[in-house]
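Where a number appears in this text, it was derived from the coordinates with a stated rule and is not lab data. Not measured: the values here are computed from a predicted model. Cβ coordinates were reconstructed from backbone atoms using ideal geometry, including for glycine residues, and neighbour counts include every protein chain displayed.
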Amino acid sequence: MKRVIRTCVSCGAKREKSELVRYVYSEKPEEDTDGNRQGRGAYVCDNEKCRDIGLKKMKLTRSLLCNQLRRTR
């Protein structure tokens, strides 16, 4: 079986997709509990520290909006 590896936007750790939490952007970053919502996704480790860093330091928002920011420049 193929392993799916993703990178945490908060700490940069590379882990299997099942070990991370996916966030998608609607009006703000929202947790994708099912892992199947449409839209651009970003991943963080499944611990409080990485979630706080991702949300408070706007790393999730920057990661999720990077394509929109490039188009407006």
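Note on the chain: helix-only mean residue ellipticity at 222 nm, from DSSP H runs of 4+ residues weighted -39500 (n - 2.57) and normalised by residue number, equals -9500 deg cm²/dmol. The packing ranking of peptides 25-32, 38-45, 50-57, highest mean first, is 38-45, 50-57, 25-32, where packing means the average number of other beta carbon atoms within 10 angstrom of each residue. Using C-alpha pairs below 8 Å separated by at least 6 residues, the relative contact order for the chain is 30 percent.
Quick one: putting +1 on the C-beta of Lys and Arg, -1 on the C-beta of Asp and Glu, what dipole do you get for the chain around its Cα centre, in Debye to the nearest 20? If you can, show how the numbers build up before the last one.
Numbers: 19 positive and 10 negative charges, 109 e Å.
Here the chain has a charge dipole of around 520 debye.
Each residue of the stretch 10-25 was assigned a 3J(HN,Hα) from its phi angle through the Karplus curve 6.51 cos²θ - 1.76 cosθ + 1.60 (θ = phi - 60°); the sequence is 7, 10, x, 6, 9, 9, 5, 4, 5, 8, 10, 10, 8, 10, 10, 10 Hz, with glycine and proline shown as x.
Using the Cβ of V24 as centre and a radius below 13 Å, the other residues enclosed give a net charge of -1, where K and R count +1 and D and E count -1.
Phi angles of the stretch 49-54 translate, via the Karplus equation with coefficients 6.51, -1.76, 1.60 and θ = phi - 60°, into HN-Hα couplings of 4, 5, 5, 4, 4, x Hz per residue; Gly and Pro are given as x.
Counted over the chain, the DSSP beta bridges are approximately 90% antiparallel.
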